[in-house]
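Below is one structure, written out as structure tokens, with a few remarks after it.
The values are calculated or read from the model by the stated rules, or taken from the named source; none is laboratory data. Because the structure is a prediction, the values reported are computed rather than measured. Note: ideal-geometry Cβ built from the backbone for every residue, glycine included; neighbour counts use all protein chains shown.
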Amino acid sequence: MTGADGAAHGIRDDVDWEALRAEAVRMTTLAYAPYSRFAVGVAGLVEDGRVVSGCNVENAAYGVTLCAECGMVSQLHATGGGRLVAVWCVDRNGDTLMPCGRCRQLLWENGTPDTLLQTPAGILAMHEVLPQAFGRDVLEAVAPVD
Ligand SMILES: [Zn+2]
């Protein structure tokens, strides 16, 4: 495990974590969460320096609800693609949230094994929060992927 600053892993020091957190908190104010009243915001730094973000969007048919990470990944692709290098997900109080299992898979697909994630236990790399991940490499081992 790393410290909150990630220094123990020699983790990149060019991530403005407070800017990511501020954007994630701002996104909680835009969340559509009338059913749970549990607003979530997330922000991610892209390898080219862009910051992308998202909020949760609930639905009366609960299973259709979109996590904040879904919106962030959509914004990632809609604004030029690339890989996420650092991500922070928070509740409306700014407290760190751990992405759900589905969203860890989303972050895996749109980041790298070394993408950094703020967690309640400090900064961890994606390979630590989704070990033995199912990913593109598994499919490519069987058939080419575009
Ligand atoms: Zn999720």
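Cβ-Cβ distances below 6 Å connect the following pairs, each with a first residue in region 106-127 that is farther than 20 Å from A19 by Cα, a second residue that is among the aromatic types (F, W, Y), and a separation of six or more residues or different chains: M126/W108. Scan region 66-103 for residues that are of a type in the set (D, E) and either touching a Gly at 6+ places or on another chain (Cβ under 7 Å) or within 12 Å of the ligand (Cβ to nearest atom) (or both) and the total you get is 1. Applying the selection to region 6-49, what residues are surrounded by 13 or more Cβ atoms within 10 Å (Cβ to Cβ) and modelled with pLDDT under 95? If the condition is that a residue be surrounded by 13 or more Cβ atoms within 10 Å (Cβ to Cβ) and modelled with pLDDT under 95, then G6, H9, I11 are the ones that fit.
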